[in-house]
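Below: one structure, written as structure tokens.
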Amino acid sequence: MDDLLAEFIAETRETLETIASEIVVWETQPQDRTRLDAIFRFVHTVKGSAGFLELPQLQHLSHEAETALSDLRDGKRVPDPALIDAILAIVDRIGETMNALEAGEDIDHEGDEALIAALAEDASRKGDEIAPGRKTAARSTPARSIRVPVELLDRLMGGVSDLVLARNELARQLRRSSGDREIDGAFDRVTNCVAEMRETITWARMQRIEALFASLPRIVRDISAELGKQVALEIDGDDVELDREMIEMLRDPLIHIVRNAVDHGIAKPEQRVADGKPAIGTLSISARQSGNQILVAIADDGCGIDTGRLIAKAVSEGAIDASQVSSLDERDTLDLVFHPGLSTVEEVSAVSGRGVGMDVVRSNVERIGGSIDIESASGEGTSFILRVPLTLTIIPALVVAVGNEMFALPRAAIEEIISLTKGSVRLEAIGGTEIAAIRGERIPVARLGKLLERDTDGSGDRIAIILRATRSERFALTVSEVMDHEELVVRPAPAGIMQSGIYAGTALPDNGRPLLLLDVAGIADRAGLRLSMARQDRMHEPEPAQKQGIAALVFDDLDGKRRAVRMGIVERIIDTDARAISESAGVTCLVLDNEILPVLASGTVPESGTLRVLRLSDGGTAIVYPIAGEVDVVTLPDRIEAPGGPGHIAGVVLVDGLPVELLDAHRLFAGHRRDDIPDGEKPSCLILGGDRRWNTEVLGPLVEMAGYAVSFDETTDPRAMDVVIEADGGGGQSIEDAVNVVRLEPLPGSQSGGIYRYDRRGIYAALKEKLAAGGRS
């Protein structure tokens, strides 16, 4: 019986929120018989199970609800707000009963008879004239599934995490050996299997986000009725999947934003009509996946945020100084909403209005590696956009050191790594805050050693890591050393450690030595780097004289060499999945931003994991150049030593006394030029004779790649063409006197003076020669 009771509790809980949502939707669409039948079946199932498990009061309660629903199905009654409230109240009581059963507590039946009485036809309640909240959403068919204990999924993920660590350790050992191609091949297969298994288990932990959205229709209905408002709720994207733990972490922030939107954002019907809007307000909630993130948007068509009142309130509360108001842009102004205790609402309602919560909302979202942004237009509405990672279990990270201790930083938050010993960063104190002057920007500084009380004077800091705490806030974190990039298995840290506010969990790198994962947003909070201190103000003073040279990006290349490339051709530095790089038609390429870009690498490109690449452009052509290590911006010295031979190295320069190879930008793009010449401006080529399939499918594309507009029309006058190719004898149409003819032969070593038709280099050379002889080049 204990097993049956546990199964009953689990099944009932799983359905409760969904059924409550279905009731709210059915209230606005009473003709939807399918939803009514689903509600009836739920109550009927609860009644039957309660009878079998000897729960008489729950059986009686659900029986009365079943009777009312049966009358609705038979058309004997029509749904009204009082009846819907009564049914929802019984659903709530079923949920409370499940909680009591699971906890082994006595079930409180006080008030059950009042709930049953509310189901009567003559029952009514004050406020029936208030229209409830509504929801519009398409009904989805649930996928076939089985119930698996969460503990089992956690154990599976733990096993896969240990497998990843073992894989990392094996990779480290193999790098020490001389290398064996067969062993390397076997290891690559193991790596692929581990990656596939990890991805599969990760998706097994996923839940449809409808589990998060299911309670919202009921919440909107109850709040709008309580406040005398009419709100239509629109939900889109509830089939998007997210890690179950992320869903739980998002639940409170989402509910808080929804409650605020109904309370503060959407006005009462009479006010909306006076403002020229429909009496019924609209609250839209949508979710979609973007890369390895989930975007959740909550938008209302209310009055928007009164930025003038917000600034005035911020000044009066001391959140900002009056002298700072003129320098606030729109983003900075809206960010004041997240200041603790700040609210522009004149009246405190039972729902909200005390200025408590939005700072906690942002803090909770950022602690799980997400961000929250606001968009608002006065009189039109407000949108909150939450960006959160799919999962937090295994993440790419950068391992850093403070003294002899190592810590990890999530790679997603890192923008740039700069050496403090090369003079490219100037540290200065302004208003009690340490500021880093980097390429014309002032960025606040947090010293990790000082924050952790390991290096109070910062004497051991040699590296500055530019981190993005939110989309609009950056700061520099100084550390002693950058160790390595790794994929880390992240697990929760003990409560005592997490209470410090600067750690996001524990991790175990491939060397087996445990380390702590740093919380970027928590560090910014702990160091006091919020709002005005996190603004990146442009400096107007001239740069030092030594910075007037040519800027270059220095990095560790895939083959272990230290190289540099001129900053003028670097468009972006991007972290991407190594598996996104593939070979197609003999060309290695990367799909990036819906664009296929050729990849040029100076070493072996990893087959998995996170890969850092440079997107380089000459103004017309873009290529991708994978790199291995940290990057830094330096100024090239005047003296550049010539390279020892041909290749893609333009020369060697000294940077901090060490030789650095400078990439030859011309050679980088020479092999990957983009042919954007219109056909009307390309030299023309007529192909005659030979097999037509070979001409059109083999030779023609080759000539087109050389930049020619190709024709196979044998009626064309050859003298009107820039170049003519006679394939395999020209098919009987000889043009012996023309100087612009290239003759191809079917066999190599022909004595007729023709070019072997598979001599690619010879064909290109002949085309170029004939084109020049005809006056074009």
**Prompt:** Amide H to amide H under 5 Å from residue 236: which residues, 5+ apart in sequence or cross-chain, H placed 1.01 Å off N in plane?
**Reply:** 285, 286, 287
**Request:** Give a residue-ordered list of calculated ³J(HN,Hα) values for region 557-569 (Karplus: 6.51 cos²θ - 1.76 cosθ + 1.60, θ = phi - 60°; whole Hz; x for Gly, Pro).
**Result:** 8, 5, 8, x, 7, 8, 10, 9, 9, 4, 4, x, 9
**Complete:** Quick calc, residue 427 & residue 484: beta-carbon distance into FRET formula, R0 22 Å, rounding 0.05, result 0.25
**Request:** Can you tell me which of 249-262, 693-706 comes out highest on packing, and rank the rest after it, using the mean Cβ neighbours within 10 Å?
**Result:** 249-262, 693-706
**3J(HN,Hα) from dihedral phi, region 186-201, Karplus parametrisation 6.51/-1.76/1.60, rounded to Hz, x for glycine, proline** = 5, 5, 4, 5, 4, 4, 5, 5, 4, 4, 5, 5, 4, 5, 5, 5
**Asked** Mean shadow of region 150-228, computed from the convex hull of its alpha carbons, in nm²?
**Response** 7.9
**Item:** Residue-normalised accessible area of region 1-108, given per residue in Å² at a 1.4 Å probe
**Value:** 48
**Fill in**
Quick calc: nm separation of the 7 Å Cα→Cβ label points for residue 44 and residue 70 -> 1.0
**Message:** Given a Förster distance of 30 Å, report the FRET efficiency between residue 7 and residue 244 from their Cβ-Cβ distance, rounded to the nearest 0.05.
**Reply:** 0.95
**Asked** By how many nm would the segment from residue 605 to residue 556 grow when fully extended, if each residue of separation counts as 0.36 nm and the alpha-carbon distance is taken off?
**Response** 16.3 nm
**Asked** Fully extended, how many nm does the chain gain between residue 768 and residue 100 (0.36 nm per residue separation, minus their Cα-Cα distance)?
**Response** 231.8 nm
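Subtracting the Cα-Cα distance from 0.36 nm times the residue separation, let me have the gained length for residue 705 to residue 717 in nm, one decimal.
2.0 nm
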**Message:** If I model a spin label at residue 174 and residue 108 as a point 7 Å from the Cα along the Cα→Cβ vector, what separation in nanometres do I get?
**Reply:** 6.1
**Prompt:** Residue by residue through region 254-263, which ³J(HN,Hα) values in whole Hz follow from phi under the Karplus form 6.51 cos²θ - 1.76 cosθ + 1.60 (θ = phi - 60°), with glycine and proline marked x?
**Reply:** 5, 4, 5, 5, 5, 4, 5, 5, 5, 6
**Message:** Under the rule of at least 5 residues apart or a separate chain, name every residue whose amide H is placed under 5 Å from the amide H of residue 484.
**Reply:** 399
**Message:** Students often check this: by mean Cβ neighbours within 10 Å, which of 682-688, 328-334 ranks highest, and how do the rest follow?
**Reply:** 682-688, 328-334
**Item:** Förster radius 22 Å - calculated FRET efficiency between residue 405 and residue 459 (Cβ-Cβ, nearest 0.05)
**Value:** 0.90
**Cross-link pairs 450/561; 277/313; 76/268; 229/313; 76/229 - those with Cα-Cα distance over 32 Å** = 450/561; 76/268
**Item:** Burial order of peptide ranges 574-582, 278-286 (average beta-carbon count within 10 Å, highest first)
**Value:** 278-286, 574-582
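The values are calculated or read from the model by the stated rules, or taken from the named source; none is laboratory data. Remember, predicted model here, so these are calculated numbers, not experimental data. Methodologically, a virtual Cβ is constructed for each residue, glycine included, from the backbone with ideal geometry; neighbour enumeration extends over all protein chains shown. Protein only, heavy atoms only, side chains kept; ligands, DNA and RNA dropped before computing areas. Shrake-Rupley method; radii C 1.70, N 1.55, O 1.52, S 1.80 Å.
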